[in-house]
Every structure is written in structure tokens, then in C-alpha cells.
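Asker: So that we are looking at the same thing, I have put the structure below in C-alpha cells.
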Amino acid sequence: QVQLVESGGGLVQPGGSLRISCAASRSISRILVMGWYRQTPGKQRELIAAVTSGGRRNYADSVKGRFTISRDTAKNTVDLQMNSLKPEDTAVYYCKADDGRRDDWGQGTQVIVSS
């Protein structure tokens, strides 16, 4: 099991940037997939970015070209750099660790994109 703590959320204007971070309680070097999800009220949680232990990255079409996921195995963190933010990016953002046997989730961090 791994505990995950997200941070860095907040209020940002449309077109702005924000970097959110997920800190893990143990080494993430062998975790198969680290992902960022987001959820808005009344909607299902959706995967927006993921990075595998081999370094392969995948993005949802809605964020491709604007968001970048990065993994730091020395710090045991996974960050999400979000640029060109839009009001529709407003959501609670969650980090997930998939080690092949179980999924562990963080508590989420709120991102609000508004003028």
C-alpha cells in the first residue's frame, strides 16, 4: 500500500498555469502506473494523464498539448504541469498509484479556473 498526498491546487485565471504534485509515502520506482484523474460534481472520475514505470506517458485528448505529467523517483513524486488552463479544467484532481495488485488514491486537490 502507498499513501498519496496531492498539493498545489488553487484558483487560477483562464489561460494561466498551475503545477500540482502528488507525494508518495514510499518508492514509486516499481509502481506500474501513476496517474492523474479529475472529477466534477455529477460526473465520473476521468483519467487525464498517466506515466508508466518505463516512462511512457499518455494523455486524454482534452488535455493533450497543455498538460505534462512527470515522475521523480528520487523524490517519489508525480507532478502535473497544467498550462493554458480553461474553465472546463475546473475539478478535483486525484493521484492514483497502480502497482498491479491494487489501486491507491490520494484525497484530491481542488483546481478552479475562473476570472
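Asker: Give, rounded to the nearest 20 debye, the magnitude of the charge dipole that the chain has about its Cα centre when Lys and Arg contribute +1 at Cβ and Asp and Glu contribute -1 at Cβ. Mind showing how you got there, number by number?
Answerer: Working: 16 positive and 11 negative charges, 45 e Å.
Rounded to the nearest 20 debye, it is 220 debye.
Asker: For the pair A60 and S29, what calculated FRET efficiency results from E = 1/(1 + (r/R0)^6), where r is the Cβ-Cβ distance and R0 = 25 Å, to the nearest 0.05? Before the final figure, lay out the partial values.
Answerer: Working: r = 25 Å, r/R0 = 1.00.
The pair S29/A60 has a calculated efficiency of 0.50.
Asker: I want the local charge near G108. Using Cβ-Cβ distances under 11 Å, sum +1 for each Lys or Arg and -1 for each Asp or Glu among the other residues.
Answerer: Numbers: positive: R38, R45, K96; negative: E6.
With Lys, Arg at +1 and Asp, Glu at -1, the net is +2.
Asker: How big is the accessible area of K75 in square angstrom, nearest 10, if you roll a 1.4 angstrom probe over the protein chains?
Answerer: Here the residue's solvent-accessible area equals roughly 150 Å².
Asker: Put +1 on the Cβ of each Lys and Arg and -1 on the Cβ of each Asp and Glu in the chain; which of A49, V111, L18 then has its Cα farthest toward the positive end of the dipole?
Answerer: Most positive-ward Cα: A49.
Asker: To continue, here is another question. Please list, or write none, the lysines whose alpha carbon is within less than 20 Å of the alpha carbon of K75, excluding same-chain residues fewer than 8 places away.
Answerer: K96
Asker: So for R30, R38, what's the accessible-area order with a 1.4 Å probe, most first? Could the numbers behind the result be given before it?
Answerer: Numbers: R30 210, R38 20 Å².
My answer, sorted largest first, is R30, R38.
The values are calculated or read from the model by the stated rules, or taken from the named source; none is laboratory data. These numbers come from a predicted model, not from an experiment. Cβ sites come from the backbone with ideal geometry, for glycine too, and all protein chains shown count toward neighbours. These area figures cover heavy atoms from the full protein model, side chains too; ligands, DNA and RNA do not enter into them. Shrake-Rupley method; radii C 1.70, N 1.55, O 1.52, S 1.80 Å.
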